[in-house]
Amino acid sequence: MKKLKVGFAVLAAVLVLGACGSKKEDASAKDEKKEIKIACNQVSENSLKAAKASMEAEGYKPEFVVFSNNIEALQAVQDGNVDASFAQHEPFVKSFNEQKGGDLAMMKPHVYYTGIGLYSTKHDKIDQLPDGAQIAIMNDAMNRDNSLLMMQDAGLIKLSDEKKSGFTALDIVENPKNFKFVEIEQAQTVRSLEDLDAATCFFTFMFNSGENYKDYLIRDQHAKDFPISLIVKDKNKDTDWAKAINSSFTTKESKKGINDHFKGVFTFYE
């Protein structure tokens with residue numbers, strides 16, 4: 001009977017050790033992940049291409065999956081259909097988490113930032129905008145807020161003092177020239193310039209459309225507060241692959257490739 005008990009004890013110990021070994025192997029396999037799917041849009045794909053050689057130099061095999069809008073890209077990360085995304089700024093990611101119940105995290109250190117401007121193909125100066133001008137603003141919460149704050153900073157409108165962020169057109173308390181604001185998906189605001197008096201657009205989308213992104217009537221004053229870097233599920237932010245992929249954007253070779261292509265659209269954090 002004693003021998004039988006000893007036999008069971010030895011078997012239990014072997015099973016426990018085997019389970020521990022399996023867990024270690026699973027964790028190791030997770031850290032050693034090499035094939036990485038990264039969501040992007042048509043603009044950010046060029047940054048990914050510029051950093052691809054640096055990713056491969058670290059032993060990774062990146063695959064870039066292009067999405068037509070940023071919500072779909074982030075949802076793909078959230079659902080596990082891709083491993084990461086690189087295109088969206090941090091406040092946009094936070095807004096996604098709040099609205100969609102997501103658990104996405106932006107890697108640090110942050111890579112770079114860009115800006116938004118108010119553009120017009122019909123008027124050369126801000127004071128030429130007529131009474132009742134139709135102006136496109138981005139329709140997602142964070143960029144709509146940023147668009148309106150930019151125009152308040154320029155003295156075009158005044159927003160309510162009752163809150164500090166999350167503004168919509170309903171929060172405009174002073175509008176001397178009675179501007180009419182038209183909400184449009186951010187990637188489509190450049191196209192709206194054909195029909196409207198002006199539009200708030202990201203530098204990136206202006207550049208990608210072949211327009212001069214520096215030819216704005218006014219621009220935002222807080223671009224540094226909208227950092228861009230790799231976005232992953234929160235559980236993956238400490239993995240070796242996430243850290244390595246994020247760092248790949250800031251190698252000397254990657255920075256040169258990004259700057260050569262975008263001609264100053266992005267500013268790297270130092």
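Since every read-out is calculated from the coordinates, none of them should be taken as a lab result. Quantities reported herein were computed from a predicted structural model and do not represent experimental measurements. Cβ coordinates were reconstructed from backbone atoms using ideal geometry, including for glycine residues, and neighbour counts include every protein chain displayed.
Helical content alone sets the calculated 222 nm signal of the chain at -12000 deg cm²/dmol, taking -39,500 (n - 2.57) per DSSP H segment of four or more residues and averaging over every residue.
Relative to the Cα centre, the charge distribution of the range 97-142, modelled as +1 at Lys and Arg Cβ and -1 at Asp and Glu Cβ, gives a dipole magnitude of about 160 debye. Remark: the range 116-223 carries a charge dipole of roughly 120 debye about the Cα centre, counting +1 on each Lys and Arg Cβ and -1 on each Asp and Glu Cβ.
Given +1 at the Cβ of Lys and Arg, -1 at the Cβ of Asp and Glu and no other charges, the dipole of the chain around its Cα centre is 1440 debye to the nearest 20.
Size descriptor for the range 77-155, Kirkwood hydrodynamic radius: 15.3 Å (Cα pairs only, one decimal). Among Leu149, Gln128, His222, whose Cα sits farthest toward the positive end of the charge dipole of the range 116-223 (+1 at Cβ of Lys/Arg, -1 at Cβ of Asp/Glu, about the Cα centre)? Sorting the options by dipole projection puts first His222. Considering the options Phe203, Asn81, Val173, tell which one lies farthest towards the positive end of the dipole of the chain, charges being +1 on Lys and Arg and -1 on Asp and Glu at the Cβ, about the Cα centre. It is Asn81, whose Cα lies furthest towards the positive end. Distance distribution note for the range 116-223: the fraction of Cα pairs above 15 angstrom is 59%.
For the range 43-187, pairs of C-alpha atoms spaced more than 18 angstrom apart make up 65 percent of the total. The simple spin-label model puts a point 7 Å past each Cα toward its Cβ; for Ser209 and Asp260 those points are separated by 2.8 nm. Please work out, to two decimal places, the log10 of the ratio I(q)/I(0) at q = 0.11, 0.15 Å⁻¹ from a Debye calculation in which every Cα of the chain carries one identical scatterer. Each listed q maps to, in turn, -0.67, -1.08.
Once you divide the Cα radius of gyration of the range 190-270 by 2.2 N^0.38 Å, the number left is 1.37.
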